[in-house]
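The values are calculated or read from the model by the stated rules, or taken from the named source; none is laboratory data. This is a predicted model, so every value here is computed, not measured. Positions of Cβ are backbone-derived with ideal geometry, glycine not excepted, and every protein chain shown enters the neighbour counts.
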Amino acid sequence: MRDISKPVRRFDASEKIAGVARFVDDHYEEGMLYGKIVRSERVRAKIKAIKIPELPEGYHVISAKDIPGKNRIKMIFDDWPFLAEDVVNYFGEPILLVVGPEREKVYEISESIEIEYEDIPAILSVEEALLNKKPPIYGENNLFADYFFEKGDVENAFSEADEVIEEEFKTGFQEHIYLEPQGMIAKYNNGRIEVFGSMQCPFYVKNALIEEFDTKPDKIRVVQTTTGGGFGGKEEYPSQIAGIAALGAYKTGKTVKLVYDRAEDVEFTTKRHPSHIRIKGAVKNGKVIGIEVEIILNAGSYAGLSSVVLQRGMFAATGAYSIPNVRVIGKAVATNIVPMGAFRGFGAPQSIFAIETFMNHVAKRLGRDPVEFKLSHRYRKGDTTATGGLLRNEVRLPEIVNRVLSMSDYYSKKKEKKEGKKLYGIGFSMFLHGCGFTGNGEEILKSIARLKKRKDNKVEILISNVDMGQGPQTTLRKVVAEVLGIPYEDVIYENPDTDRVPDSGPTVASRTAMIVGGLLYRAAKELKEKWVDGEEIVVEKQYRHPEYIKWDQEKFKGDAYPEYSWGANVIEVEVDPITYEIDVKKAYAVFDLGTPLDRKIIEGQIHGGMLQGIGYATLEVMEQKDGRFMQRTITDYIVPTALDAPLFETDLVSQPYEHGPFGAKCAGELTFVGAAPAVCAAVEDALQIDLYEIPIRPEKLLTIMEKKNESEV
Amino acid sequence: MKVRFKLNGEEVEVEANPASRLLDVLREKFGLIGVKEGCGEGECGACAVLLDGRVVHSCLVPFANVMGKEIITIEGLRKTEEYRIIEESLLDAGSVQCGFCTPGFVISIYALLKNNPNPEDKEIREAISGNLCRCTGYQMIIDGVKLAAKRGEKLWKA
């Protein structure tokens, strides 16, 4: 048997290096029309009138009125229109689509359209939304979601406590900056709509279009084109672009290409939810015996996936710690800004930043070493999670932590701080990530994966999950080939086309390797038994949660996830004592993500996820002013370059999950969540201060240090 | 306006608006889709090409400026032995994830190794600092560059 973890060359890499792989914008066809969206220039307003200039032949302007079915993007709630009707709820909300044969002319027309508005008082912040003095955006109180769950007796814990510590944390917006901007190409032929584009979830797009065109499933075809990064940004948002492009094709009968430019993508697509998190801890005999966490997410103007993002955030509220008495309160709040959406970690990064930083602060106040303090609260096998789910598998945190400490030489570096022109600091974080869909998501999805053995004895993987860079083109091929004992090259895996593949669910929630890979693993086992050379054989497997998983979606009780991955990070920083710029020098990580399906691909996930997390904590600043983002281009919104990136050193501890393929668990998001709190702890260590907010901006550090120096004088 | 220039080793002449971006001309008039538009602001390097041997971001170059010059894109580069070394090295180092940025990186790596066959870590980071990658954290791309430097030792010094 081959070692499944042994790296192989990625199957999709050669054509990407050569520039041959076709991303959405690389598809071109004769007679194709270009599309441009006309967007709201108001933050919140009624549309009073639209003045369209006389259009040259072949040019069209398309509005919500042209939608034959329902003008709502199918998601959890029923509030987000493809194109605004009579009201706009954020600056940049799509109102019209202009299409035509010459791109420059299309742009010219889109700029000459005049829209008359009547302003409605806009809700520009979460505070304002919660005050509820202006006409609400959603429902009666601007709350897309308002949740609560409890474990143990929290009040009793607070009354018994030696000390109660309460702190508040803030996290900012984050923009995905996948290198390939969003885009779709739509065609309309004989009553059938076909969409090709950059996406994570072909069936999300398909289901959205079925409702938009009030048509039957066989009238919609969705095909993923090679996708240049997603990180969650291409989870729900592509449904809107696809819906708008498809409407253009439907109206004109021609192929329509709608590709965003970077500025459009930065300013008008979904972002990571900013959060405001309050943690109150009851400390007794040196232990946190009770905790109350309140998580408030800025959800933007439409519900999108915010309710589930909030759930994942809430279920991660106590991090990797077993605290007997827990109360978690969560609110997803509507404001007049771009809808917030999925982004690697999906609500968990905000919570993990808050709980990790809180635990550091409590440890410091108690005069304890943060690592030892955290380890003394760690989850163990047999413990119950915040929602009362049972940890059935070994939790190898001590091993993970010991390894990252020795790898980084943490204690000696912390004690004997490097002397230099810059201020040196080292920080630690430990954390978990719930694998797969949150709550009853997988039960509702009931994903199906199919394997088709062809007459030539090659085996095709038929699933709706995509490779957006994270590697399933390679890892899933390996899984199937390994079970069947055939060469990797004999497994075929094309970009999904909804005409050809079953719905194996979206490419999200770190579920592809563990959940879909698990289905493929079982399908391959069955195929192996049925194998007859030269014959066509099809095997299908449908997902069912293991029987022992119990979950109550109403009360948020039980196993919120079938399994968890674990990790610990150490980060070293140098802070400039004059400018307070943070230079992240080294990042160490040890993860238990089960059996790695390819060590190199996992290594790539770790580096990339951590650097995105480091950016989240430092450089990636996005602010709102009067309902608009101040950072509207990639020049203003800074992501790390090779000069900003630290050196990474990583290792794995592999506790296999019995239902994951070869024991694989979740990986993609886990690699993101621990970096920001470790950076924060390192900066705190360098400057000997407490911090409560990311991104950590030099100008804020300057203010904090000036105050600190004054008080010390 | 008609502009004559050398593109991937061949003399070409093309009619286009002199103010149009080199990026659009390469993609639309010549079908060179390996030149990617990632930002249109000269920040990401996905549209990098060689102009008389120097790395430029083709989204910032007005088409008229290439008159009489030599342009090499990934499509031209991939016929060379140097490209093959870079390709093999990136494959073995696991440098590629989503791949949208990769052709631009190959252009920068080629230019670096041609000028500096044995670059140090810091020099590699500087050479690729005009190329953004959101997937890899850069380290495995840097590993790929080092591998290419080693494997193509004689070639780079030639």
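At-a-glance table
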quantity: Out of B:R21, B:R27, sole residue that is over 16 Å from the mean Cα position of the chain (by Cα) and without any contact (Cβ under 8 Å) to a residue 60 or more places away in the chain; calculated: B:R21
quantity: Test: residue in the stretch A:492-515 that is touching a strand residue (DSSP E or B) at 6+ places or on another chain (Cβ under 8 Å), surrounded by 20 or more Cβ atoms within 10 Å (Cβ to Cβ), in a helix (DSSP H, G or I) and not basic (K, R); calculated: yes
quantity: B:E126, sole failed condition from (1) within 12 Å of chain A (Cβ to nearest Cβ); (2) closer than 21 Å to A:E15 by Cβ; (3) assigned to a helix (DSSP H, G or I); calculated: (2)
quantity: Of residues in the stretch A:558-576 being of a type outside the set (S, T, Y) and not in a strand (DSSP E or B), the one nearest to the other protein chains (Cβ to nearest Cβ); calculated: A:D576
quantity: Filter pass, A:E649 being out of contact with any Asp or Glu (no Cβ under 6 Å at 6 or more places or on another chain), among the acidic types (D, E), within 14 Å of chain B (Cβ to nearest Cβ) and in a strand (DSSP E or B); calculated: yes
quantity: Options B:I124, B:I85, B:I109, B:I128: the member that is closer than 25 Å to A:A21 by Cα, in contact with a Lys or Arg (Cβ under 8 Å, 6 or more places away or on another chain) and not basic (K, R); calculated: B:I85
quantity: Residue selected from the stretch A:554-567 under the condition among the small types (G, A, S) and surrounded by 24 or more Cβ atoms within 10 Å (Cβ to Cβ), by the criterion nearest to A:Q655 (Cα to Cα); calculated: A:S565
quantity: Residue ranges of helices (runs of 4 or more DSSP H) in the stretch A:383-487 with at least 2 members among the hydroxyl-bearing types (S, T, Y); calculated: A:397-408, A:410-415, A:472-484
quantity: Any hit, the stretch A:316-333, residues being under 30 Å from A:R42 (Cα atoms) and either modelled with pLDDT under 95 or of a type in the set (G, A, S) (or both); calculated: yes
quantity: Failed criterion for B:C98 (all others in (1) in contact (Cβ under 8 Å) with a residue 60 or more places away in the chain; (2) under 24 Å from A:E180 (Cα atoms) hold); calculated: (1)
quantity: Residue that is farthest from the other protein chains (Cβ to nearest Cβ), among those in the stretch A:165-223 that are under 30 Å from A:G281 (Cβ atoms) and under 24 Å from the mean Cα position of the chain (by Cα); calculated: A:E168
quantity: Selection count, the stretch A:266-298, where residues are within 17 Å of A:V126 (Cα to Cα) and out of contact with any Pro (no Cβ under 7 Å at 6 or more places or on another chain); calculated: 12
quantity: Positions within the stretch A:577-621 being part of a strand (DSSP E or B), among the aliphatic types (A, V, I, L, M) and away from every other protein chain (no Cβ under 13 Å), in sequence order; calculated: A:I582, A:V590
quantity: Matching option when the condition is among the hydrophobic types (A, V, I, L, M, F, W, C) and surrounded by fewer than 17 Cβ atoms within 10 Å (Cβ to Cβ), among A:A45, A:A13, A:A49, A:A21; calculated: A:A49
quantity: The stretch B:20-40, residues that are of a type outside the set (K, R), within 11 Å of chain A (Cβ to nearest Cβ) and farther than 10 Å from B:S58 by Cα; calculated: B:S20, B:E28, B:G31, B:L32, B:I33, B:G34, B:G38, B:C39
quantity: B:L113 in contact (Cβ under 8 Å) with a residue 24 or more places away in the chain, within 14 Å of chain A (Cβ to nearest Cβ) and of a type in the set (A, V, I, L, M, F, W, C); calculated: no
quantity: Condition broken by B:L91, with the remaining ones in (1) closer than 26 Å to A:V8 by Cβ; (2) surrounded by 20 or more Cβ atoms within 10 Å (Cβ to Cβ) satisfied; calculated: (2)
quantity: Conditions (1) under 20 Å from A:K170 (Cα atoms); (2) crowded, with 24+ Cβ neighbours inside 10 Å; number of the one not met by A:R628; calculated: (2)
quantity: Subset of the stretch A:521-553 that is free of Cβ contacts under 8 Å to residues at least 24 places away in the same chain and in the same structural domain as A:D503 (by TED's automatic domain parsing) - its residue that is surrounded by the fewest Cβ atoms within 10 Å (Cβ to Cβ); calculated: A:E529
quantity: Residue selected from the stretch B:58-88 under the condition under 13 Å from B:G144 (Cα atoms) and more than 7 Å from chain A (Cβ to nearest Cβ), by the criterion surrounded by the fewest Cβ atoms within 10 Å (Cβ to Cβ); calculated: B:R84
quantity: Number of the condition not met by A:S307 [criteria: (1) over 24 Å from A:A675 (Cβ atoms); (2) in a strand (DSSP E or B)]; calculated: (2)
quantity: Out of A:G230, A:G313, A:G243, sole residue that is assigned to a loop (DSSP other than H, G, I, E, B) and either surrounded by 24 or more Cβ atoms within 10 Å (Cβ to Cβ) or within 14 Å of chain B (Cβ to nearest Cβ) (or both); calculated: A:G230
quantity: Qualifying residue in the stretch A:123-134 (condition: at pLDDT below 95 and assigned to a loop (DSSP other than H, G, I, E, B)); calculated: no
quantity: Any hit, the stretch B:138-145, residues being polar (S, T, N, Q), under 18 Å from A:K600 (Cβ atoms), touching a residue at least 24 places away in the same chain (Cβ under 8 Å) and facing chain A (nearest Cβ under 7 Å); calculated: no
quantity: Residue in the stretch A:89-104 that is buried (at least 20 other Cβ atoms within 10 Å of the Cβ) and of a type in the set (D, E, K, R) present; calculated: yes
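Yes/no matrix, rows are residues, columns are (1) surrounded by fewer than 24 Cβ atoms within 10 Å (Cβ to Cβ); (2) farther than 17 Å from A:P646 by Cβ:
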residue	(1), (2)
B:N116	yes, yes
B:P119	yes, yes
B:E123	yes, yes
B:G130	yes, yes
B:R134	no, no
B:Y138	no, no
B:I142	yes, no
B:K146	yes, yes
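Here's the yes/no breakdown for (1) in contact with a strand residue (DSSP E or B) (Cβ under 9 Å, 6 or more places away or on another chain); (2) in contact (Cβ under 8 Å) with a residue 40 or more places away in the chain:
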position	(1), (2)
A:K219	yes, no
A:G228	yes, yes
A:P238	yes, yes
A:G253	yes, yes
A:T270	yes, yes
A:H276	yes, yes
A:K287	no, yes
A:E292	yes, yes
A:I323	yes, yes
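Rundown of residues vs (1) in contact with a Pro (Cβ under 6 Å, 6 or more places away or on another chain); (2) outside the structural domain of A:F591 (by TED's automatic domain parsing); (3) of a type outside the set (A, V, I, L, M); (4) within 21 Å of A:G668 (Cα to Cα), yes/no style:
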residue: A:G420; (1), (2), (3), (4): no, no, yes, no
residue: A:L423; (1), (2), (3), (4): yes, no, no, no
residue: A:R454; (1), (2), (3), (4): no, yes, yes, no
residue: A:V459; (1), (2), (3), (4): no, yes, no, no
residue: A:S464; (1), (2), (3), (4): yes, yes, yes, yes
